[in-house]
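Down below is the structure, laid out as structure tokens.
The values are calculated or read from the model by the stated rules, or taken from the named source; none is laboratory data. Here the structure is a predicted model, which is why all the values come from computation and not from measurement. Cβ: placed from backbone, ideal geometry, glycine included. Neighbour counts: every protein chain shown.
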Amino acid sequence: TSADIQTEVVVIGAGPGGYTAAFRAADLGKKVLLIERFADLGGVCLNVGCIPSKALLHTAAILNEAREMETCGVHFAPPKIDLAALLTWKNGIIKRLTGGLAGLAKQRKVTRLTGMAEFVADHRLQVTTAEGLKTVQFEQCIIAVGSRPIKLAHLPWSDDRLMDSTDALALRDVPERLLIVGGGIIGLEMATVYHALGSKVTVMELTDQLIPGCDRDLVKPLQQRIAKQYAGIWLNTKLENIVTKPESLEVSLSRDGALEKHDFDKVLIAIGRQPNGAQLAAEKAGVTVTERGFIPVDRQMRTNVAHIFAIGDVVGQPMLAHKAVHEAKVAAENAAGHRAFMDARVIPSVAYTDPEVAWFGVTETEAKAQGLAFEKGVFPWLASGRALSMGREEGVTKLLFDRDSRRVIGGGIVGLSAGELLAEAVLACEMGADVDDLSLLIHAHPTLSETIGFAAEMATGEITDLY
Ligand code: FAD
């Protein structure tokens, strides 16, 4: 039977993975249909992720900086925060970007369909749209359906004082006592925002470290700073339950083998994200989906079915927009008959907290666990004139080098603008640069980027004394 829509390439999901794949396939001459359940393009990243969080974090950084100017003898009056205006500004940024994407889709003659897609056969989808069911016949498919926050089912989600990251970004109010469950990137970024706006923030983390997965020494400067600012940082602590009371949320938790109860005005659950792969009836196309909802792929981003690709959060960690974008190009090029492979050496990670924590490649913890022969150079920013002149000496720049080849294999930076600074080290790693390339590079003085050169000089032994 004939389908309502026939296309060469269909892309399901219009997040950073999906729109990038659709645009690339169209640029390579393919007839492309882009299906997205929401009216706006951009997915989690633009609408309820990277972009709105960074807009609010910019506000937080300015608020923090204004407060800290007191140490330089400059006093500002307490800020007046107009929440409605702040949200209008944030939403305006999202609108500009999603509007821009709609324009780019149109320019490329990418056809759009708004609705929820699922497979009915290996070359056919059905899409639930506002105008009813539509069938789509395709030659190749790129699945880019992303992920959603993990919700603990036993919690009282009907109470709007209990939030996921989307609710937290909607910033309906600034609660007096806010608990954030989960000390990962998303939880800590939202902690940064709400603390700057005036909430008393408590962060609860199950493991013994904030940002598990990043080296402890790179997290420490952040942890020391926020320990002074926040109401509490509770490590090794497990959320047991939340009970709705008229005037608060009563949170029960266990730590050190004991059960405790605490009251909060709002609670944000940020304990991770789960992939959307299980909601696609992918089995009808013969596509393997794991029990957790991930879709396994090879280095060409192909699923077990040769004409169906998958990219982004739904294929696995790290769940980051720039990973999705890179995979999207690989998948689209293969779908268009080229031969492309996912062969990035490293994918950088950044927590846009205050200070930022950024890292790439092999962590020191992994290098030790794997028994790698490596050298490291660690440069504390208290010896950086630029860091001192910005009142931010807590930073650290760390680089790891292979002992034999002396090439960069990983590292990280914690400090002001660490996310921006990391790019040089990431490039060095991708290009196979060694410790001498970095230590001999002339960095402008005084910049924070000098700390990358200094870290390399610490590794070569050129710098031994910091003062
Ligand atoms: P998504 O962006 O999740 O998009 C998937 C799209 O598919 C969605 O629009 C969804 O509606 C649609 N969809 C799903 N199923 C169907 C279906 N069956 N039919 C039709 N449409 C469907 N990453 C960074 O790199 N940097 C950051 O600073 C950053 N900050 C973040 C902050 C927060 C608060 C959150 C939650 C995430 C953040 N991330 C960040 C992660 C980033 O948002 C994701 O890695 C990225 O959006 C993944 O892109 P994707 O294309 O795989 O999927």
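Kindly indicate whether any position in the stretch 383-401 is exposed (fewer than 15 other Cβ atoms within 10 Å of the Cβ) and assigned to a loop (DSSP other than H, G, I, E, B).
yes
Tell me which residues, restricted to the stretch 290-313, are farther than 28 Å from Gly187 by Cα and either outside any loop (DSSP other than H, G, I, E, B) or out of contact with any strand residue (DSSP E or B) (no Cβ under 6 Å at 6 or more places or on another chain) (or both).
Listed by number, the residues that qualify are Asp298, Arg299, Gln300, Arg302, Asn304, Val305, Ala306, Ile308, Phe309.
When you go through Gly432, Gly395 one by one, which is the residue that is modelled with pLDDT of 95 or more and at positive phi?
Matching residue, one of Gly432, Gly395: Gly432.
Confirm whether Leu218 is more than 16 Å from the ligand (Cβ to nearest atom), touching a strand residue (DSSP E or B) at 6+ places or on another chain (Cβ under 9 Å) and not small (Gly, Ala, Ser).
yes
Residues in the stretch 402-423 that are in contact with a strand residue (DSSP E or B) (Cβ under 8 Å, 6 or more places away or on another chain) and assigned to a helix (DSSP H, G or I): how many?
Residues in the stretch 402-423 being in contact with a strand residue (DSSP E or B) (Cβ under 8 Å, 6 or more places away or on another chain) and assigned to a helix (DSSP H, G or I): 4 in total.
If I filter the stretch 262-283 down to residues being assigned to a helix (DSSP H, G or I) and within 13 Å of the ligand (Cβ to nearest atom), which single residue comes out as farthest from the chain's Cα centre (by Cα)?
Here the answer is Ala282.
In the stretch 96-123, what residues are without any contact (Cβ under 8 Å) to a residue 60 or more places away in the chain and surrounded by 15 or more Cβ atoms within 10 Å (Cβ to Cβ)?
Residues satisfying the conditions are Leu97, Thr98.
Cβ-Cβ below 8 Å, separation at least six or inter-chain, first residue in the stretch 377-402 and within 13 Å of Glu364 (Cβ to Cβ), second assigned to a loop (DSSP other than H, G, I, E, B) and of a type in the set (Val, Ile, Thr): which pairs?
Leu400/Val362
Residue by residue through the stretch 429-442, note down the ones that are part of a helix (DSSP H, G or I), within 28 Å of the chain's Cα centre (by Cα) and either more than 20 Å from Cys214 (Cα to Cα) or of a type in the set (D, E, K, R) (or both).
Glu430, Leu438
If you take the residues of the stretch 119-146 that are part of a loop (DSSP other than H, G, I, E, B) and in contact with a Gly (Cβ under 8 Å, 6 or more places away or on another chain), which of them is nearest to Val44 (Cα to Cα)?
Residue satisfying both the conditions and the ranking: Gly146.
Step by step: first the residues of the stretch 314-353, then only those that are within 14 Å of the ligand (Cβ to nearest atom) and of a type in the set (D, E, K, R), then the one that is surrounded by the most Cβ atoms within 10 Å (Cβ to Cβ). Which residue is that?
Glu327
Return the total of residues in the stretch 210-235 being over 18 Å from the mean Cα position of the chain (by Cα) and more than 28 Å from Asp82 (Cα to Cα).
Total satisfying the criteria: 9.
Looking at the stretch 330-376 only, could you name the residues that are touching a residue at least 60 places away in the same chain (Cβ under 8 Å) and assigned to a strand (DSSP E or B)?
Answer for the stretch 330-376, where residues must be touching a residue at least 60 places away in the same chain (Cβ under 8 Å) and assigned to a strand (DSSP E or B): Ser349, Val350, Ala351, Glu356, Val357, Ala358, Trp359, Phe360, Gly361, Glu375, Lys376.
Suppose the filter is modelled with pLDDT of 95 or more, under 27 Å from Leu46 (Cβ atoms) and of a type in the set (A, V, I, L, M, F, W, C); does Val350 pass it?
Yes: the conditions hold for Val350.
Looking at Val305, is it on the phi < 0 side of the Ramachandran plot and within 15 Å of the ligand (Cβ to nearest atom)?
no
For the structure I just gave you, tell me whether Val426 is part of a helix (DSSP H, G or I), farther than 16 Å from Glu375 by Cα and of a type in the set (A, V, I, L, M, F, W, C).
Yes: the conditions hold for Val426.
State all residues of the stretch 124-143 that are surrounded by fewer than 17 Cβ atoms within 10 Å (Cβ to Cβ) and either within 10 Å of the ligand (Cβ to nearest atom) or closer than 18 Å to Arg37 by Cβ (or both); if no residue qualifies, say none.
Thr128, Thr129, Ala130, Glu131, Gly132, Leu133, Thr135
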